[in-house]
1. Restricting attention to the range A:4-15, does a residue exist that is at the interface with chain B (Cβ under 9 Å from one of its Cβ atoms) and exposed (fewer than 14 other Cβ atoms within 10 Å of the Cβ)?
2. Quick one: how many residues across the range B:235-246 are surrounded by fewer than 23 Cβ atoms within 10 Å (Cβ to Cβ) and more than 7 Å from chain A (Cβ to nearest Cβ)?
3. Can you pull out the residues in the range A:16-47 that are more than 14 Å from chain B (Cβ to nearest Cβ), of a type in the set (Phe, Trp, Tyr) and crowded, with 17+ Cβ neighbours inside 10 Å?
4. Select from the range A:54-113 the residues that are outside any helix (DSSP H, G or I), among the β-branched types (Val, Ile, Thr) and without any contact (Cβ under 8 Å) to a residue 40 or more places away in the chain and list them in ascending order.
5. I'm trying to understand the selection: among the residues of the range B:198-218, which are among the hydroxyl-bearing types (Ser, Thr, Tyr) and crowded, with 24+ Cβ neighbours inside 10 Å?
6. In the range A:160-182, which residues are under 15 Å from A:Thr108 (Cα atoms), of a type in the set (A, V, I, L, M, F, W, C) and within 14 Å of chain B (Cβ to nearest Cβ)?
7. Hey, does the range B:65-75 have a residue that's of a type in the set (S, T, N, Q), touching a strand residue (DSSP E or B) at 6+ places or on another chain (Cβ under 6 Å) and not in a loop (DSSP other than H, G, I, E, B)?
8. If I ask for residues that are within 12 Å of another protein chain (Cβ to nearest Cβ) and within 18 Å of the chain's Cα centre (by Cα), which ones from the range A:193-214 would you list?
Amino acid sequence: MGWLTTSLNRSIGKKFVMALTGSLLMLFLIIHLIGNLTLYGGREAFNGYVETLEVVKPVVRVIEVILAAIFIFHIFNGVRLWWENKKANPGKYAINANKEITTFSSRTTIVTGSIIFIFLVLHLSTFWYQFNISGHPETGSFEFYDIVVYWFNQPVYSIVYIIAVLLLGFHLNHGFQSAFQTFGWNNKKYFPVIKLTGTIYAIVISLGFASIPLYFLLTGGK
Amino acid sequence: MGGEKLNLTLKIWRQNSPDDKGQFEEFKVEISPDASILEMLDELNNDLEREGKRPVAFESDCREGICGTCGIVINGHPHGPLPKTATCQLHMRNFKNGDVIYLEPFRAAAFPIIRDLIVDRSGFDKIQQAGAYISFNTGGAPDANSIPIGKDVAAAALDAAECIGCGACVAACKNSSAMLFVGAKVSQYALLPQGQPERYKRVQTMVAAMDEAGFGSCTNTYACEAECPKGISIMNIARMNRDFIKAKIVEQEVDI
């Protein structure tokens, strides 16, 4: 398997890993958002959705392990690329013209990515941990809807959540078109369509996720 | 021709040797708007030599935008602010009286500065030697047009072959990646029938040489395409990625 590690450690190989893991994470986000939208259906709809997942728990666990591996590959590889690319580039020019010719999304993947990672740790240590292990932080019950209400009624938590998913939008706006380019699925004819689709995808995902804590903040989730 | 002379302030990067730290040095010049930026440096150097000072070191050759020798970062843009224009083709009429102009070398770890505005681009030579050729038995020259090639294919190959190997893509990239250059070189052969026998070997050896020469990895910001004096398209990078991935998955491995 020497060829595989050599290939994946080549510059294009590292890009390929970013694109492949990123694409899988983008698919996961769609599924995650659709699930979360059941919160708009109220307590029964959401609890019903989570309990359906409980029925297929072994499958969910396997998917979680795969997801964790994908996340780790994406994060590890991204940080490594950033570090290596920093070493390859000795410094800035007196006038930074880079801003005129590149997009904010493309220049800031390491920054948005790092913030999303911190958010991910927070997200897992609250929602994932309490849904799976500890239950409601006050009552210890596994009334899933109440856990959501508990957190999203806290303005600080909700605002952090909203900021993180908006930054995620910028990350996705770069990532979507970038994945197509890296796989080589790109040419002049459909590149504008890919970029537009990516931007629409990023907006839908980030506004979709951001709308939920906003809804709870405004309505209290009742 | 002619017109009012321009009074400009130049801030030029001066660095004696690769190990030297280097800094900007300021010069005041009065120059005709019809002069190119290199002619302005020629005049400045005449003055410096007359005064017994060390002239500014910069590279140039054809001065008609096709050799790829010249290359200065002008106000943060490799080859200056005009799109699809090499440094030697940039004329002072594009600047205003009283402008301050920063002149710097291409900056990349893989392009060590030799002196002032001259960098060592031998990394590109190593990439070229790793596969930018076709192999065939010598003998009588084959008949022209013995292999029919469609106009559209020829045009796409020539678009890729327009790359002059100047290194502006590397200089523009925040990662100092050479992928636009290598993508163009890989593509110009990949598009033509003569390039097919070594197509998947070439992409592997050239990418390996690129990595070994210390260039960064592409993160698809497309700064390279915006700054390229020949307008080389990032679709050449997509083609290289496609060929590389295909080569690694289904073709003979040549990079272990």
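1. The answer is yes, given that some residue of the range A:4-15 is at the interface with chain B (Cβ under 9 Å from one of its Cβ atoms) and exposed (fewer than 14 other Cβ atoms within 10 Å of the Cβ).
2. Of the residues in that region, 1 qualify.
3. Across the range A:16-47, the qualifying residue is only A:Phe46.
4. Across the range A:54-113, the qualifying residues are A:Val56, A:Ile95, A:Thr102.
5. Passing the criteria: only B:Ser217.
6. Residues satisfying the conditions are A:Phe170, A:Leu172, A:Phe176.
7. no
8. Within the range A:193-214, just A:Gly198 meets the criteria.
The values are calculated or read from the model by the stated rules, or taken from the named source; none is laboratory data. As the structure is a computational prediction, the values presented were derived from the model and not from experiment. When we count neighbours, we look across all protein chains shown, and the Cβ atoms used for this are built from the backbone with ideal geometry, even at glycine.
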